[in-house]
Amino acid sequence: MPPMSGLNEFLTGLGLFTVLLLLIRLLPDFARNLTLVLASLAVIEIYTTPFFTFGLVAVTGLVYYGLFWLQWNPRKAIFCRILNVGLAAGLIALVIFIPREGAAAVFLGFRLLWVAQGVGSGRPLPSDPLEFFVYAFFFPTFFIGPLERLDEFRKNLTTEHRTGLSWRETGLRLGRIAVGLLKVWAVVRFLPLAGLAGVPGVYLGLSGLFDVILGCAGLAGYRLSASLDAFPLGTLASRAFLFHFAVVGGMVLRLKSL
């Protein structure tokens, strides 16, 4: 989660990225997905470092091609478990030794772990690596989620499966963004003064950020995480949100301890 001092920059970046999503929604699938990957990596590089971003891309590419060939291996379940152990160990090492950059890679690590587990269970990988990279580096969800399984996210990447932009849908998404911004503003404005900037602040602030992220993505036709899409309770009381809250809360505590 971006530090509070960088919250305005994160929300500004999210708003600009939403404009980009709206501008490219009518492009052919390949051109749109390529633009998404390049734009996401450019923004991630701004928030981290060029070297770290390049490392994430390299690791993600190796994982994809390794899993792609493992799909047809009769012992794929064993190899995928070994891969997951290595990924988990690498993620823990990042968080311990370079916590600021490591915190930025936490949800990417979870995505790779989920995909490896799925391949080990027999789920196929997309034959187009571009779809995999959009899933891994989609900027609105990269830093704090929400997490989504690859097969569900891929439905957003083809024109025939993406939601339309009706007046009613637009109004609902804009309303969700407004409510999310109100939550974030309340956290920044009131909770620190009341001495409640710890657990309640992270909880309400993350809920607000999720509302903004889901609203912005929805404006561009990207429906994310059905369990969190039941507004407003999806980003306050669902099990999926509690999981994200625990992860982001741990990241915040780790960064505050530095």
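Values in this text are rule-based calculations from the coordinates and carry no lab data. Keep in mind the model is a prediction, meaning the values are calculated, not measured. Positions of Cβ are generated from backbone atoms using ideal geometry, with glycine treated the same way; all protein chains shown enter the neighbour counts.
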Q) Could you give the length gained on full extension between Trp167 and Trp114, defined as 0.36 nm per residue of separation minus the Cα-Cα distance, in nm? A) 15.5 nm
Q) What list of ³J(HN,Hα) couplings, whole Hz, do you get for segment 32-42 from phi and the Karplus terms 6.51, -1.76, 1.60, once you set θ to phi - 60° and write x for glycine and proline? A) 5, 5, 5, 4, 4, 5, 5, 5, 4, 5, 5
Q) Rg to Rh ratio, segment 1-105, alpha-carbon atoms and Kirkwood radius? A) 1.05
Q) Summing Lys, Arg as +1 and Asp, Glu as -1, what charge do residues with Cβ under 11 Å from the Cβ of Ala116 carry, Ala116 excluded? A) +4
Q) How large is log10 I(q)/I(0) at q = 0.17, 0.28, 0.33 Å⁻¹ when the Debye formula is applied to the Cα atoms of segment 90-134, each weighted equally and without solvent? A) -0.58, -0.94, -1.08
Q) What ranking, highest mean first, results for peptides 31-37, 87-93 when packing means the other Cβ atoms within 10 Å averaged over each residue? A) 31-37, 87-93
Q: In whole angstrom, note down how far apart the Cα centers of segment 128-156 and segment 83-125 are.
A: 14
